[in-house]
Amino acid sequence: MERFYEFKLKTEEANRVEKKLKGFLEKCYRAVLEGDKEKAEKLATEAVKSNYDPYLVIEKGLVRGIEKLGKDWEQGTCFLPELVLGAEAVKAGISILQEPILKSKAGKRNLPRVIIGTIEGDIHDIGKTLVATMLSANGFEVIDLGVDVKSENFVKMAKKYEPRFLCLSSLLTTTMQNELRVIEGLRKANLRKKLKIMVGGAPASPSWAKEIGADLYAENAIEAVRIAQKEIGHELKRK
Amino acid sequence: MSSKESKKSILELSRQRVVLFDGAMGTMLFSYGLPFGTPPELWNLSHPEIILKVHQEYIRAGADIIQTNTFGASSLKLKKSGNEKKMEKLNEAAVKLARTACPDGKYVAGNIGPTGEFLEPVGKAKYKQLKEAFSEQAEVLCSAGVDLFSIETMFDLREALAAVEGVRQVSTLPLFVCLTFEKKTKGYFTLMGDEVSSSLKKLEQAGADVVGANCTLGSKDMVRLASVIRKSTKLPIIVQPNAGMPKLVKGKTVYLQKPSSFASDVLKIVKSGANFVGGCCGTTPEFIKTIKKRITALEYKPSGLS
């Protein structure tokens, strides 16, 4: 009988902890929906102090929020500001939650790495930055080379950082031809097979990707994340 | 033309008949060999003969109003290509070219587009900063001799308001403002999520004389949006669709819509109450000419104005 009570107490305790954690994750989720970066940072700090599983907080709290916003954005019920601010909140939270993870793995990062930039001759920033933000909010390490990136520079950076993905953005139909030069450059440098090339931007299309020999095409930032995640399987999820 | 007279005449003209704006400038310049990545405004100084030619073609096609080649000529936008110091010269040259092409009885609109900066908190730009840049550009356009202002392709209501306030700081000329809307499941919204009706009201309160939409949508979608706009405001309205959606064919950008189908849609837009119409990306003098013909044929009775 005593044992039974002990067991019951333990379960109650476990239930209480679980309930508390659930409430906490819900708070993280809300902070992202509200685009509240400060709140996300506070919650992340609290999570580290309370020894909550950082992966759980990222996945079931923060990322769940940005996924919801992404879905709403695709359906046209939420807009760019909500999406950008939500992604900023996720990024801020993740960078705090990552600290203990990075320490425990001897500072070695093993997030899938992405290099992204707008093609040479094109200074359009919005779409590219949104893709970069969404990828990093979803657990990718993103190196954003900015706009008007020379083809040689894409190749140089790919050599240096060995990314899993190279994302090329274009909004102008004539400069998008430069994407072909990047791909040729990678081929010459023997890097082509080491990474996946994803193209995007208003004039790009699946047939364009095929034409220039890119691997992937994404219609928008949310799809870019989905496709990249699909490519790497479930590595991001906790093993 | 003094500012008062011009304000009276252009708005009055719109009570008598539909007033026709010109078509695209940027996509025309590409067809004349403007290299991609080069700000089109630089051609006001380096290729004035081509800018003049485009204006003249639009006048010949029947446009009542031609717009200066100054869409990206605010100092903030020019800064992105390192040309901010040329702000005054580029705007002055643009007005001079449009004036040269503009006969009596037609109008020159000083064209103003977005700075390319995002306002806080999404971006780093401050409202005051945008307002100052617009005001500074408007001042140059105004003293160089435009008849009216046409603010276009604004995807953020707040930036549009900064532009209206900026212009109003330096001029009382007729002020046209077009936001650019996307079609969403729940209606039409700007990229930043501004809804049609309340946005147009705020623009009116800030001092706009004519409000409406341009770019992003092709003429088919614009027909529906036009009636939403008409219901949203008592002001005269302006609508300028794109020539369908751009396609890449053999390495060249092509707008596949034909002038005749475009003009049919524009006619529907006029019937739903638009007072000013014109063309945005992909339209050419041929489009404007076709619209002119169709509008003249249509016995137009002004509607929607109180």
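The values are calculated or read from the model by the stated rules, or taken from the named source; none is laboratory data. Everything numeric in this text was worked out from a predicted model, so none of it was measured. So basically every Cβ, Gly included, is an ideal-geometry build from the backbone, and we count neighbours across all protein chains shown.
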(message) Restricting to segment A:170-194, count the residues that are part of a loop (DSSP other than H, G, I, E, B) and among the basic types (Lys, Arg).
(response) 0
(message) Name the single residue that is surrounded by the most Cβ atoms within 10 Å (Cβ to Cβ) among those in segment B:24-53 being more than 11 Å from every other protein chain (Cβ to nearest Cβ) and touching a strand residue (DSSP E or B) at 6+ places or on another chain (Cβ under 9 Å).
(response) B:Ala24
(message) Exactly one of these conditions fails for A:Ile116: (1) within 14 Å of another protein chain (Cβ to nearest Cβ); (2) within 22 Å of A:Pro206 (Cα to Cα). Give me its number.
(response) (1)
(message) Suppose we filter A:Ser207, A:Ser136, A:Ser169, A:Ser151 for residues that are more than 17 Å from A:Val114 (Cα to Cα) and out of contact with any Phe, Trp or Tyr (no Cβ under 6 Å at 6 or more places or on another chain); which single one remains?
(response) A:Ser207
(request) Report the residue count in segment A:129-177 for those that are closer than 24 Å to A:Gly93 by Cα, away from every other protein chain (no Cβ under 14 Å) and of a type in the set (Val, Ile, Thr). (result) 3
(message) Is it the case, given these coordinates, that A:Lys20 is over 17 Å from A:Ile222 (Cα atoms), at pLDDT below 85 and more than 14 Å from chain B (Cβ to nearest Cβ)?
(response) no
(message) Looking only at residues that are within 14 Å of chain B (Cβ to nearest Cβ), of a type outside the set (Phe, Trp, Tyr) and assigned to a helix (DSSP H, G or I) in segment A:54-79, which one is surrounded by the fewest Cβ atoms within 10 Å (Cβ to Cβ)?
(response) A:Lys71
(message) Looking for something surrounded by fewer than 21 Cβ atoms within 10 Å (Cβ to Cβ) and away from chain A (no Cβ under 14 Å) - is there at least one such residue anywhere in segment B:186-195?
(response) no
(request) For segment A:98-109, indicate whether the set of residues that are closer than 30 Å to A:Ile183 by Cβ and surrounded by fewer than 16 Cβ atoms within 10 Å (Cβ to Cβ) is non-empty. (result) yes
(request) With a cut-off of at least 2 residues that are modelled with pLDDT of 95 or more and out of contact with any strand residue (DSSP E or B) (no Cβ under 8 Å at 6 or more places or on another chain), name the strands (runs of 3 or more DSSP E) lying wholly within segment B:125-204. (result) none
(request) Would you check which residues across segment B:201-215 are surrounded by fewer than 23 Cβ atoms within 10 Å (Cβ to Cβ) and under 26 Å from B:Gly282 (Cβ atoms) and list them? (result) B:Cys215
(request) Considering each of B:Phe149, B:Phe118, B:Phe134 in turn, give the residue that is within 14 Å of B:Met192 (Cβ to Cβ) and either buried (at least 20 other Cβ atoms within 10 Å of the Cβ) or touching a Lys or Arg at 6+ places or on another chain (Cβ under 9 Å) (or both). (result) B:Phe118
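Residue by residue, here is whether (1) surrounded by fewer than 22 Cβ atoms within 10 Å (Cβ to Cβ); (2) within 29 Å of A:Gly61 (Cα to Cα); (3) touching a Lys or Arg at 6+ places or on another chain (Cβ under 8 Å) holds:
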{"residue": "A:Leu130", "(1), (2), (3)": "yes, yes, no"}
{"residue": "A:Ala137", "(1), (2), (3)": "no, yes, yes"}
{"residue": "A:Lys156", "(1), (2), (3)": "yes, no, no"}
{"residue": "A:Leu166", "(1), (2), (3)": "no, yes, yes"}
{"residue": "A:Arg181", "(1), (2), (3)": "yes, no, no"}
{"residue": "A:Ala214", "(1), (2), (3)": "no, no, no"}
{"residue": "A:Ala221", "(1), (2), (3)": "no, yes, no"}
(message) For segment A:178-194, which positions are among the acidic types (Asp, Glu) and within 14 Å of another protein chain (Cβ to nearest Cβ)?
(response) A:Glu179
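Let's see how each residue does on (1) among the polar types (S, T, N, Q); (2) closer than 30 Å to A:Val84 by Cβ:
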{"site": "B:Tyr107", "(1), (2)": "no, no"}
{"site": "B:Thr115", "(1), (2)": "yes, yes"}
{"site": "B:Lys128", "(1), (2)": "no, yes"}
{"site": "B:Asp156", "(1), (2)": "no, yes"}
(message) Tell me which strands (runs of 3 or more DSSP E) are completely within segment B:219-288 and hold 3 or more residues being more than 14 Å from chain A (Cβ to nearest Cβ), or say none if there are none.
(response) B:237-242
(message) With in contact (Cβ under 8 Å) with a residue 12 or more places away in the chain, within 14 Å of another protein chain (Cβ to nearest Cβ) and assigned to a loop (DSSP other than H, G, I, E, B) as the only criterion, which of B:Pro114, B:Pro121 stands out?
(response) B:Pro114
(request) Scan B:Val228, B:Val254, B:Val277 and give me the residue that is in contact with a helix residue (DSSP H, G or I) (Cβ under 7 Å, 6 or more places away or on another chain) and surrounded by fewer than 22 Cβ atoms within 10 Å (Cβ to Cβ). (result) B:Val228
(request) Please go through segment A:202-218 and pick out each residue that is of a type outside the set (A, V, I, L, M), in a loop (DSSP other than H, G, I, E, B), more than 20 Å from A:Tyr161 (Cβ to Cβ) and modelled with pLDDT of 90 or more. (result) A:Gly213
(request) Please find, among A:Lys42, A:Lys37, the residue that is modelled with pLDDT of 95 or more and crowded, with 19+ Cβ neighbours inside 10 Å. (result) A:Lys37
(message) When you check A:Glu38 against the structure, is it more than 17 Å from the chain's Cα centre (by Cα) and over 30 Å from B:Leu157 (Cα atoms), yes or no?
(response) no
(request) Could you check B:Leu130 against (1) away from chain A (no Cβ under 14 Å); (2) touching a Phe, Trp or Tyr at 6+ places or on another chain (Cβ under 9 Å) and say which number it fails? (result) (2)
(message) Which residue is surrounded by the fewest Cβ atoms within 10 Å (Cβ to Cβ), if the candidates are limited to segment B:62-111 and must be in a loop (DSSP other than H, G, I, E, B) and free of Cβ contacts under 8 Å to residues at least 40 places away in the same chain?
(response) B:Asp104
